[in-house]
Amino acid sequence: MLVEHRTVSDETLNRLEKEAVDAALAAASAADIDAVETQFLGRKGSINALRRGIAMLPSEDRPGAGAAINKAVERVQNLLAERRAALESAAATAAPARTIDVTLPGQPMNSGTLHPLTQVSQEVKAVLGGMGFEFVDGPELESHRYNFGALNYPDDHPAMDEQSTFLLDGDRVLRTQTTALQGRVMEKRRPPFRIATIGRCFRYEAVDATHHHTFHQVDVFMVDQGIGMAELKGTLAEFARAMFGAETEVRFRPDFFPFVEPGVDYSIRWGGRWLEIGGAGLIHPNILRAHHIDTEQYSGFAFGLGIERIHMIRCGVTDLRLYLENDWRFLQQFAEG
């Protein structure tokens with residue numbers, strides 16, 4: 001063997017390289033190419049085995065012997081790569097052509113669908129728009145004044161503790177309620193007006209099945225002459241019947257919100273029990289007076305509820321987090337069409 005003669009002969013290297021080339025040219029498949037590569041260039045391959053003899057050569061001969069083996073390995077590797085590509089190309093060309101039956105129906109194309117919250121929002125807009133309410137958008141990045149001050153929240157009012165905010169800088173917060181639009185509208189418009197808005201709200205709180213840092217809310221308010229609790233209840237009853245069914249019952253119970261007086265929570269009878277869906281009341285006179293609206297001549301009502309809440313009740317969803325997780329298994333259950 002070469003090792004025994006303490007040499008790496010050019011004759012042996014040339015012979016092994018030729019054997020590798022002949023075997024590569026004779027290969028009939030990619031599997032044959034793999035076998036040739038293992039036989040000659042693998043860890044125990046015959047060409048690589050020559051490297052073990054380099055250490056037994058005189059020091060002045062070692063660089064030349066190593067370079068010769070490297071060049072032989074490179075030539076064989078290049079040939080193997082060329083042969084593998086040619087064989088794979090030939091196999092692909094030889095594969096039977098796929099026949100197409102033009103009389104069969106085409107494969108349907110996947111198309112997107114509206115998110116369930118978008119579906120509910122569009123339905124809410126259609127219902128309230130049909131009742132004469134104009135939809136107006138407000139900013140998600142809101143000033144403390146519109147989010148709280150303009151809604152009759154004193155700076156130290158305990159109700160503010162229930163709405164932990166994302167405070168950005170100084171006076172600006174991510175709005176905790178779409179009710180923040182009221183002040184912006186009343187600054188610029190004179191009664192009568194009917195306004196509705198839908199958008200995202202944000203509160204700094206732990207996320208669980210019934211709480212989230214991000215949620216969607218519809219807020220509705222109107223100011224006109226002679227507006228009282230009867231008009232509020234009639235509007236909410238009509239809205240509830242449109243969203244939950246023609247036989248839906250609505251119940252009011254006293255509640256407190258700084259921006260209404262009197263305030264109520266309103267519930268619907270669903271599945272044999274009462275479910276609270278939002279808060280409402282007559283717009284607090286302090287808010288009207290702060291915007292130079294004559295409370296002797298005008299009054300108004302306001303109500304709001306969660307878009308997620310509507311969908312959860314109607315579809316039996318029990319985890320609020322599902323709406324923002326973007327899980328297709330959940331979303332496809334509500335795909336339209």
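Restricting attention to the range 234-259, which residues are acidic (Asp, Glu) and touching a residue at least 24 places away in the same chain (Cβ under 8 Å)? Before you say what the answer is, go through the steps one by one.
Looking only at the range 234-259, we keep the residues that are acidic (Asp, Glu), and these are 238, 247, 249, 255.
Matches in the range 234-259: Glu238, Asp255.
Mind counting the residues in the range 291-316 that are open to solvent by 20 Å² or more (accessible area, probe 1.4 Å) and among the hydrophobic types (A, V, I, L, M, F, W, C)?
2
Quick check on my filter: what residues within the range 61-111 are surrounded by fewer than 10 Cβ atoms within 10 Å (Cβ to Cβ), at pLDDT 80 or above and either in contact with a Lys or Arg (Cβ under 9 Å, 6 or more places away or on another chain) or of a type in the set (Gly, Ala, Ser) (or both)?
Gly106
Search the range 319-337 for residues that are open to solvent by 50 Å² or more (accessible area, probe 1.4 Å) and pair each with any residue that is assigned to a loop (DSSP other than H, G, I, E, B) when their beta-carbon atoms are under 6 Å apart and the residues are at least 6 apart or on different chains.
Listed by first residue and then by second, the contacts come to Glu336/Thr113.
Of the residues that sit in the range 101-121 and are in a helix (DSSP H, G or I) and under 10 Å from Ala335 (Cβ atoms), which one is farthest from the chain's Cα centre (by Cα)? Steps first, answer last, please.
Applying the first criterion (in a helix (DSSP H, G or I)) to the range 101-121 yields 116-121.
Adding the requirement that they be under 10 Å from Ala335 (Cβ atoms) leaves 116, 119.
On the way: Pro116: 13, Gln119: 16 Å.
Among residues in the range 101-121 that are in a helix (DSSP H, G or I) and under 10 Å from Ala335 (Cβ atoms), the one farthest from the chain's Cα centre (by Cα) is Gln119.
Please find, among Glu247, Glu261, the residue that is surrounded by 14 or more Cβ atoms within 10 Å (Cβ to Cβ), out of contact with any strand residue (DSSP E or B) (no Cβ under 6 Å at 6 or more places or on another chain) and either acidic (Asp, Glu) or more than 21 Å from Gln217 (Cα to Cα) (or both). If you could, list the steps in order and put the result at the bottom.
Details: Glu247 fails: surrounded by 14 or more Cβ atoms within 10 Å (Cβ to Cβ).
Unique residue meeting the criteria: Glu261.
Name every residue in the range 19-55 that is among the hydrophobic types (A, V, I, L, M, F, W, C), under 29 Å from Ala90 (Cα atoms) and surrounded by fewer than 16 Cβ atoms within 10 Å (Cβ to Cβ), in order of residue number.
Within the range 19-55, Leu25, Ala26, Ala28, Ala30, Ala31, Ala35 qualify.
Among (1) part of a helix (DSSP H, G or I); (2) open to solvent by less than 70 Å² (accessible area, probe 1.4 Å), there is one condition Pro58 misses while meeting the rest; what is its number?
With respect to (1) part of a helix (DSSP H, G or I); (2) open to solvent by less than 70 Å² (accessible area, probe 1.4 Å), Pro58 is out only on (1).
The values are calculated or read from the model by the stated rules, or taken from the named source; none is laboratory data. What you see is a predicted model, and the numbers here were worked out from it, not measured in a lab. Cβ coordinates were reconstructed from backbone atoms using ideal geometry, including for glycine residues, and neighbour counts include every protein chain displayed. Protein only, heavy atoms only, side chains kept; ligands, DNA and RNA dropped before computing areas. Shrake-Rupley method; radii C 1.70, N 1.55, O 1.52, S 1.80 Å.
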